[in-house]
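A short reminder: the numbers here are calculations on the coordinates, not readings from a lab. Keep in mind that this is a model prediction, so the values were computed, not measured. Cβ: placed from backbone, ideal geometry, glycine included. Neighbour counts: every protein chain shown.
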Amino acid sequence: MTTESRNATESVAGSTGVAGSRLTARGLTLAYEDRTVVDTLDLDVPDGEVTVVVGPNACGKSTLLRALGRLLKPKGGSVLLDGEELARIPTRRIAQSLGLLPQTPVAPEAITVADLVARGRQPHQRWWQQWSETDERAVTDAMARTDVSALAERAVDELSGGQRQRVWIAMALAQETDLLLLDEPTTYLDIAHQVEVLDLVRQLNHERGRTVVAVLHDLNQAARYADHLVAMKAGRVIARGRPSEIVTTELVREVFGLDSVVVPDPVTGSPLVIPGTPWAPGGAASGGERPAGASSNAGRA
């Protein structure tokens, strides 16, 4: 990454309003047995914004999200919620503030869609108040927003992968937390449902003030939907800030090892990453040629 790119990244990261952050990580080190995956990472999740974490496979994205949701105990450092170490907060209180959709959730055998989504209301239950009209409205609304209402009486294990993913998202929405963590929420979804889910995330953020942290594989979707982008490589944060300021050809090469051109998205104006020239019979396999119509200063969107 060039000095100019690093300076821009630091400048934007300092202006994103991360000082107002309920969820933070300090000196976070995460490991599986003796293999360190995330190394002394600091992170502030901006309140009221959509943060998207990107990076190559096995760089620590999902591991980081698991730690933010207290599914993985840190080897070093800590995760803080409202300034309090996550490990010291009662589970019910965490579940009332923070919802998590892991990468590969497992449903109880033969459970129906309606019953699974209703489980999102468990953190709000008390022994003297098992179900309420508020719970019913939350479940109904979550199922409608994710287009699974018609599946209410179906068994979850009978559904397609895309249908199951939308049901899990509905359960997370029914939890009605201020903070929502989504690990690859578009997995198994066709492109139309991917867009629907990401539009829903933006709508929840805009209309209900939800703070969202999502892990996505698609860099262009991340740049289109994120307010705050975090690029990781080998367990470290390489850059963070507004997508329009940090997504450059240099960053894509450094993080993903990919030669590309970055141009403005013709619909949203967000950075659009176009991979370099593909291999063709009798042609060069170089990756950095500029496609027709791209301006000479397209390296920075």
Exercise. Residues in segment 103-122: is at least one outside any helix (DSSP H, G or I), among the hydroxyl-bearing types (Ser, Thr, Tyr) and closer than 20 Å to Thr186 by Cα?
Worked result: yes
Problem set entry | In segment 88-111, the residues that are without any contact (Cβ under 8 Å) to a residue 24 or more places away in the chain and surrounded by fewer than 15 Cβ atoms within 10 Å (Cβ to Cβ) | Arg88, Pro90, Thr91, Arg93, Thr104, Val106, Pro108
Exercise. Within segment 40-87, restricting attention to residues that are of a type in the set (S, T, N, Q) and outside any strand (DSSP E or B), which residue is surrounded by the fewest Cβ atoms within 10 Å (Cβ to Cβ)?
Worked result: Asn57
For this session: Determine whether Arg236 is basic (Lys, Arg) and in contact with a strand residue (DSSP E or B) (Cβ under 8 Å, 6 or more places away or on another chain).
Result: yes
For this session: Report, by residue number, each residue of segment 184-232 that is of a type in the set (D, E, K, R) and buried (at least 24 other Cβ atoms within 10 Å of the Cβ).
Result: none
Problem set entry | Set Gly27, Gly76, Gly20: member being within 26 Å of Tyr225 (Cα to Cα) and either touching a Leu at 6+ places or on another chain (Cβ under 6 Å) or not polar (S, T, N, Q) (or both) | Gly20
